[in-house]
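Structure first, then comments.
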Amino acid sequence: MGLTLAQKIIKEHLVSGEMIPGSEISLRIDQTLTQDATGTMAYLEFEAMGVDRVKTERSVAYIDHNTLQSGFENADDHRYIQSVAKKHGIYFSRPGNGICHQVHLERFGIPGKTLIGSDSHTPTGGGIGMLAFGAGGMDVAVAMGGGAYFITMPKMIKVNLTGKLRPFVTAKDVSLEILRILSVKGGVGYIIEWGGEGIADLSVPERATITNMGTELGATTSIFPSDEVTKAFLKAEGREADYRPLASDPDAVYDRVIEINLSELKPMIACPHSPDKVVTVESLRGTKVDQVCIGSCTNSSLWDMLKVAALLKGKTVDPGVSLSISPGSRQVLSMLADCGALSDILASGARVLECACGPCIGMGFSPNSAGVSLRTFNRNFEGRSGTKDAKVYLVSPETAVAAALTGEITDPTLLGTMPAVAMPRSFRVDDSAILPPASLEDAKNVEVLRGPNIKEFPKSYPQTDVLTAQVALKVGDNITTDHIMPAGAKILPYRSNIPYLSQFCFAVCDESFSKRAKELGQSIVVGGSNYGQGSSREHAALVPLYLGVRAVIAKSFARIHVANLINAGILPLTFANPDDYDRIEQGDTLKLSGVLEGMKTGEITLADESKGISIRLLCAFTERQIGILKAGGLLAYTKEQSK
Ligand code: MIC
Ligand code: SF4
């Protein structure tokens, strides 16, 4: 039986386990990336492991999230990351150089390699044929130290593309279409491989838009083959030597095959507040728009920006709309400047922001009260923009421009003829904003610079056999890590200050949670299905840990978050009968007993002492995970193991 492309790369990198879907495997990791919002914590964890120099082929630290310096915190954290990178063998991409995923694709991504990044959109690398995963900072720290990365062996979905995209219909519309088909839960437990004759016309940045948003499906990762298109992209980056053709075997077997005919696709739009609430743009025609934001790791490539510039050329943004454009990297921005496209953008009245995440993570550009914002980003979770009652829609760059010019949601095909856009054959390569690490010899003298914003890591708790605690919070389905630990300009600077962050934990759902959890001392959170979807931020586990959350009981969990809970030593359990979710109320006192044995047998009984009922809970931990939970988290476990 033939193998899929992902299975081939897994096989090449397999350290332990068997490639049987559902069982735990571990992989050798060739490359890692971090960004600044998760990086500070990841490098503190790396330092705690006591490894001198990274053991990966390439590790890169990017600064792209916390670029608004309204106090010393971000600047201090950036200095810390820069110095720690220099000392330990990590490349450092300076602020302004671009969004991690865009720059990594341009300068470091290599087909067939494995990559993990402390950011959930790391699967962007799948656009170039990498097997790339989003992970918690602690897992990235372990990989930098030479440790393997553990995942559950996924099943395989193949998406077969036929036909050809029509003008004004884009890769983003393909992403939205697959979200419409599969929902934000539909990819959980799967790797999504894209193939079929339709991929031949998709450039690497377009493929990367699609693999980027595979994250919103909950997929383990997404990947495209490495072919002539990949080769041309690498050549344009002056990296043809990194090319390697890769494809799945003709007789590879998939668990599910989905067909999409590109010729039939229409411009699509995701409505508030979930990336899978997808309808056609046409159906919302005429809705008034206050703000349009173009950029983010999903849609900020040169190809996207050149199309935007061509559509804006000679036109002016509607007076009722504020338009922001953030090119994904310095390479993209400088090439826009070189060819004059930047002038077309500026002349239209757009506000050009720096090459960073910016509005996507609420770092400025929050919409007006109850404002309608159309964004080319990948997430529109409630409150993420910084304005709680804003209505954020996700669209392609073409649909974004149509709204910016008309002031309302407009099907871009109504704009007339799509201007011809030519991509250069080679890109402007300037790596001066990527600082290489110190040599082994010099590294000894590099001082790691720590600012006062770096506070202690929260205390963790080895698992006990009995746990009695109150339900401090009960939440519904699809709770995102933006609910658990919000981001945004006001909070993000404190990603290395867990005590400060803890005030905002779950604030989107219940502002009194933080105080209540602290007063309870130890508590349990109850959730619905797909609990913890979205970001890879381990803060969504570390902050609850700090507040005394000892277990989360949910109908089901998102992949990265459940790994982060285990790494933090918090017990994730699921209901054997999902209807039992309805029987528990916030404030109930729950007693878990026989936990240590139950972690092995896979079943733990819970007594709801307030209701006088008992409920069956399930878990499926591997021996390693049991070891981590018993030790009180991955850091404690790693220390124990190295004794
Ligand atoms: C996001 O898009 O939510 C982020 C900010 O990039 C996160 C990482 C973080 O919370 O720092 C992600 O996607 O993992
Ligand atoms: Fe940055 Fe947004 Fe991409 Fe996250 S999704 S990495 S915040 S651009």
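The values are calculated or read from the model by the stated rules, or taken from the named source; none is laboratory data. What you are looking at is a predicted structure, and each value in this text was computed from that prediction instead of being measured. Reconstructed Cβ throughout: ideal geometry from the backbone, glycine too, with neighbour counts over all protein chains shown.
Which ones in segment 382-396 are within 16 Å of ligand 1 (Cβ to nearest atom), surrounded by 24 or more Cβ atoms within 10 Å (Cβ to Cβ) and in contact (Cβ under 8 Å) with a residue 60 or more places away in the chain? If the condition is that a residue be within 16 Å of ligand 1 (Cβ to nearest atom), surrounded by 24 or more Cβ atoms within 10 Å (Cβ to Cβ) and in contact (Cβ under 8 Å) with a residue 60 or more places away in the chain, then Arg384, Val392, Leu394 are the ones that fit. The single residue among Gly364, Gly349, Gly371 that is within 16 Å of ligand 1 (Cβ to nearest atom) and either touching a residue at least 12 places away in the same chain (Cβ under 8 Å) or farther than 20 Å from Met305 by Cβ (or both) turns out to be Gly364. Could we say that Glu18 is of a type in the set (Asp, Glu), away from ligand 2 (no atom under 14 Å from the Cβ) and either assigned to a loop (DSSP other than H, G, I, E, B) or more than 22 Å from the chain's Cα centre (by Cα) (or both) here? Yes: the conditions hold for Glu18.
Mind checking which residues of segment 532-555 are outside any helix (DSSP H, G or I) and within 19 Å of the chain's Cα centre (by Cα)?
As a first pass, look at segment 532-555 and keep what is outside any helix (DSSP H, G or I): 532-538, 547-555.
If the condition is that a residue be outside any helix (DSSP H, G or I) and within 19 Å of the chain's Cα centre (by Cα), then Gly532, Gln533, Gly534, Ser535, Ser536, Arg537, Glu538 are the ones that fit.
Each row is one residue, and each column tells you yes or no for (1) within 15 Å of ligand 1 (Cβ to nearest atom); (2) surrounded by 24 or more Cβ atoms within 10 Å (Cβ to Cβ); (3) under 16 Å from the mean Cα position of the chain (by Cα); (4) part of a loop (DSSP other than H, G, I, E, B).
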{"site": "Leu68", "(1), (2), (3), (4)": "yes, no, no, yes"}
{"site": "Lys86", "(1), (2), (3), (4)": "no, no, no, no"}
{"site": "Val103", "(1), (2), (3), (4)": "yes, yes, yes, no"}
{"site": "Gly109", "(1), (2), (3), (4)": "no, yes, no, yes"}
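Could you list all residues from segment 1-12 that are more than 17 Å from Ser222 (Cα to Cα) and assigned to a helix (DSSP H, G or I)? Result: Glu12, single match.
Looking at Val421, is it of a type in the set (A, V, I, L, M, F, W, C), away from ligand 1 (no atom under 16 Å from the Cβ) and more than 27 Å from the chain's Cα centre (by Cα)? It is true that Val421 is of a type in the set (A, V, I, L, M, F, W, C), away from ligand 1 (no atom under 16 Å from the Cβ) and more than 27 Å from the chain's Cα centre (by Cα).
Residues in segment 150-162: is at least one out of contact with any Pro (no Cβ under 9 Å at 6 or more places or on another chain), within 14 Å of ligand 1 (Cβ to nearest atom) and not aliphatic (A, V, I, L, M)?
Residues of segment 150-162 that are out of contact with any Pro (no Cβ under 9 Å at 6 or more places or on another chain), as a first pass: 150-151, 157-162.
Narrowing further to those that are within 14 Å of ligand 1 (Cβ to nearest atom): none.
No; the residues of segment 150-162 include none that is out of contact with any Pro (no Cβ under 9 Å at 6 or more places or on another chain), within 14 Å of ligand 1 (Cβ to nearest atom) and not aliphatic (A, V, I, L, M).
Would you pick out the residues in segment 527-540 that are crowded, with 24+ Cβ neighbours inside 10 Å, more than 15 Å from ligand 1 (Cβ to nearest atom) and not small (Gly, Ala, Ser)? Passing the criteria: only Tyr531. Does any residue of segment 53-60 turn out to be in a strand (DSSP E or B) and either among the aromatic types (Phe, Trp, Tyr) or away from ligand 1 (no atom under 16 Å from the Cβ) (or both)? Within segment 53-60, one or more residues are in a strand (DSSP E or B) and either among the aromatic types (Phe, Trp, Tyr) or away from ligand 1 (no atom under 16 Å from the Cβ) (or both).
Counting only strands (runs of 3 or more DSSP E) that sit completely within segment 275-332, those holding 1 or more residues that are away from ligand 1 (no atom under 16 Å from the Cβ) and surrounded by fewer than 24 Cβ atoms within 10 Å (Cβ to Cβ) correspond to 278-280, 322-325.
For segment 460-472, indicate whether the set of residues that are at pLDDT below 95, surrounded by fewer than 21 Cβ atoms within 10 Å (Cβ to Cβ) and more than 27 Å from Leu590 (Cα to Cα) is non-empty. No, there is no match, as no residue in segment 460-472 is at pLDDT below 95, surrounded by fewer than 21 Cβ atoms within 10 Å (Cβ to Cβ) and more than 27 Å from Leu590 (Cα to Cα). Within segment 40-63, residues that are closer than 20 Å to Ala636 by Cα have Cβ atoms under 7 Å from residues that are charged (D, E, K, R) in these pairs: Thr40/Asp77; Thr40/Arg495; Met41/Arg495; Met41/Glu538, counting only partners at least 6 apart in sequence or on another chain.
Look at segment 103-123 and say how many of its residues are polar (S, T, N, Q), under 17 Å from Ser59 (Cβ atoms) and within 14 Å of ligand 2 (Cβ to nearest atom). Write out each step before concluding.
Within segment 103-123, the subset polar (S, T, N, Q) is 114, 118, 120, 122.
Next, only the ones that are under 17 Å from Ser59 (Cβ atoms) stay: 114, 118, 122.
This time we only want the ones that are within 14 Å of ligand 2 (Cβ to nearest atom), so: 118, 122.
Residues in segment 103-123 being polar (S, T, N, Q), under 17 Å from Ser59 (Cβ atoms) and within 14 Å of ligand 2 (Cβ to nearest atom): 2 in total.
Just one residue in the set Thr67, Thr34, Thr38 is within 15 Å of ligand 2 (Cβ to nearest atom), in contact with a helix residue (DSSP H, G or I) (Cβ under 9 Å, 6 or more places away or on another chain) and over 26 Å from Arg207 (Cα atoms); that residue is Thr67.
Residues are listed down the side, and each one gets a yes or a no for (1) of a type outside the set (A, V, I, L, M); (2) at pLDDT below 95; (3) over 30 Å from Thr40 (Cα atoms):
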| position | (1), (2), (3) |
| --- | --- |
| Ala148 | no, no, no |
| Lys158 | yes, no, yes |
| Leu161 | no, no, yes |
| Ile181 | no, no, yes |
| Gly187 | yes, no, no |
| Thr230 | yes, no, yes |
| Lys235 | yes, no, yes |
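For segment 489-497, the criterion of being touching a strand residue (DSSP E or B) at 6+ places or on another chain (Cβ under 6 Å) and either within 16 Å of ligand 1 (Cβ to nearest atom) or not in a loop (DSSP other than H, G, I, E, B) (or both) is met by none of the residues.
Among residues of segment 563-612 being acidic (Asp, Glu) and not in a helix (DSSP H, G or I), the one that is surrounded by the fewest Cβ atoms within 10 Å (Cβ to Cβ) is Glu585.
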